[in-house]
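The values are calculated or read from the model by the stated rules, or taken from the named source; none is laboratory data. No experiment lies behind these values; they were computed from the predicted model shown. Reconstructed Cβ throughout: ideal geometry from the backbone, glycine too, with neighbour counts over all protein chains shown.
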Amino acid sequence: MSASASLAMTHFVSLAKEVDENKVTPGVLGFIVFAVMAVAVWGLMKSMNRHMGKVDFKEASDEDGSRTDRKQGPASSAAG
């Protein structure tokens, strides 16, 4: 682990240890983790909405007659 990462971790651990030992609370570190996860989910939802907007749900018309083969089911392909 690099020195800067080690220093950052000691600051985060000290933030978590400032809480009274008799109380059980998530503290500042818990809030930071929750906030980062919330921002990540928001970003993923925004990206998903952008990608879903590009999807075309219209079914292409099937003019060669292969649609009737699909309606008959798998038994027609086994017989033929």
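Mind telling me which of the residues 47, 76 ends up being in a helix (DSSP H, G or I), modelled with pLDDT under 70 and at negative phi?
Among 47, 76, only 76 is in a helix (DSSP H, G or I), modelled with pLDDT under 70 and at negative phi.
Being surrounded by 10 or more Cβ atoms within 10 Å (Cβ to Cβ), assigned to a helix (DSSP H, G or I) and either of a type in the set (Asp, Glu) or at pLDDT below 95 (or both) is true for just one of 35, 16, 5, 40. Which residue is that?
16
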